[in-house]
Structure formats: C-alpha cells, structure tokens
Amino acid sequence: MKRTIFGIKKSGQSCLTAHIKRAYRLIGSATPISADCGELCGAACCSSPEGAESEYGMLLFPGEELLLKNDPHFTLSKLPSAPGFSGSVWFATCDGSCDRKHRPLSCRIFPAIPYLAPSQRKSKEVFPAVIPDPRAAIVCPLVAHGANHIEEQFCEAVAKAAVSLMKCPVHKKFLAALSALCDDYRRFLG
C-alpha cells in the first residue's frame, strides 16, 4: 500500500509540487511593498524573537516539503494532524538567511493570506480573498494594529497564485483549513 501525504497517494506528490512551482512563478518577484519591508522590522518574520517559547516558522503547502527537504537553510518538522487539516502538515523553520528564490510559499505571501469565507470552503467555484494574515499582526508593521499597508499588486499576485492552487483539490482543501485556522486566530486576537 502506498503511503499517503495530506490525503493523497505518494504517486500524486509530483502533481502537488508542480502546483506549488506554478504558484511560485505567479507570485514572481512581487513583494508586500516596493521597498525592503525587512528593514522596517529587522526581518522579524525570518527569526524567532529572543525568549520565544517555540520556534517561529511557516506551514508548508502540501507537496512543498519535497522541494525544501534538502535545503540547508530550513529545518522541516512534521506536525500531527490539526483540526480541519487532513493528515500531517509540514512546518519549516529557517536559519534567517535563506536564498529568497527558495522560500516556502507561506514566506512568499506573508503578511497576506488567501482566505476562503466559511460559505466558500465547500463550494466548487470560489475566488479567494487576499487578507492580512492575522498571525502577522504580532510581528509585521505592515499589518500591525489593524493596519493594511500591503500594496495591491502584491495582493493580485497572491490571488493569482491562490486561484491556481485552487484547481488542485488537495490544495483547495488545505486553503480551506488554513482559512479556518485564520478564523480561530481572529477570534483569539479580536
């Protein structure tokens, strides 16, 4: 019997990585603002704050662990199944000095996130909104305190990547679970 990752057989993993690579290309060199936003916060999203109880990092989209598994700048961890997610989810922490061309998708889209409203999560035809990631509010000055200084062209690139990912049932399911996780964060932070 073939092992499954996020509800798919191992043979379908190359399809998942193809979807991720397409999302990377659609985002291209788009960034949240036209300047280096890392200069505003000391690249806070690339490191854990001193004294943090746990490591900061990013959830990987299904299949992305295969693209990053040999990258020396990332440590990958398999997280146990979380509510709303099918099976295990991979988590990446970096050493703070990765090659930007090899960043995980979550890093490329931060501090934004493709979001599916609860009524959209089981619909066939949906167009995800791109919203400030509620998890970013504690580390990113672009979205802190309810601000939204993310440039529109960046949001458009994230939306294009999300629409492309939505064509894959596994990624659509992942985005629905990620949206539900965002709802939980908003309730907690709100």
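Over the chain, accessible surface divided per residue gives 56 Å², non-protein components excluded, 1.4 Å probe.
Here the relative contact order of region 40-190, from alpha carbon pairs under 8 Å that lie six or more residues apart, stands at 23 percent.
The order of LYS167, LYS21 by accessible area, most exposed first and with a 1.4 Å probe, is LYS167, LYS21. Where does the charge balance sit around HIS171 when Lys and Arg score +1, Asp and Glu -1, over other residues with C-beta under 11 Å from its C-beta? Value of the local net charge: +3.
Think of the chain as having a plus end and a minus end, set by charges on the Cβ of Lys, Arg, Asp and Glu; of PHE110, VAL158, CYS140, VAL158 sits farthest toward the positive end of this dipole. Of all accessible surface on the chain at a 1.4 Å probe, what whole percent is carbon and sulfur? The C+S portion of the solvent-accessible surface of the chain is 54 percent. Taking packing as the residue-averaged number of other Cβ atoms within 10 angstrom, the listed peptides 170-181, 127-138 run from highest to lowest as 170-181, 127-138. Evaluated with a Cβ-only charge set (Lys, Arg +1; Asp, Glu -1), region 19-151 carries a dipole of roughly 700 debye about its Cα centre, given to the nearest 20. Dividing the convex hull volume of the alpha-carbon atoms in region 47-133 by its residue count gives 134 Å³ per residue.
Size estimate for the chain follows the Kirkwood approach: the inverse of mean 1/r over distinct Cα pairs works out to 17.0 Å.
The values are calculated or read from the model by the stated rules, or taken from the named source; none is laboratory data. Small disclaimer: the values here were computed from a predicted structure and weren't measured. Backbone-built Cβ (ideal geometry, glycine too); neighbour counts: all protein chains shown. SASA here: full protein model, heavy atoms, side chains in, ligands and nucleic acids out. Shrake-Rupley method; radii C 1.70, N 1.55, O 1.52, S 1.80 Å.
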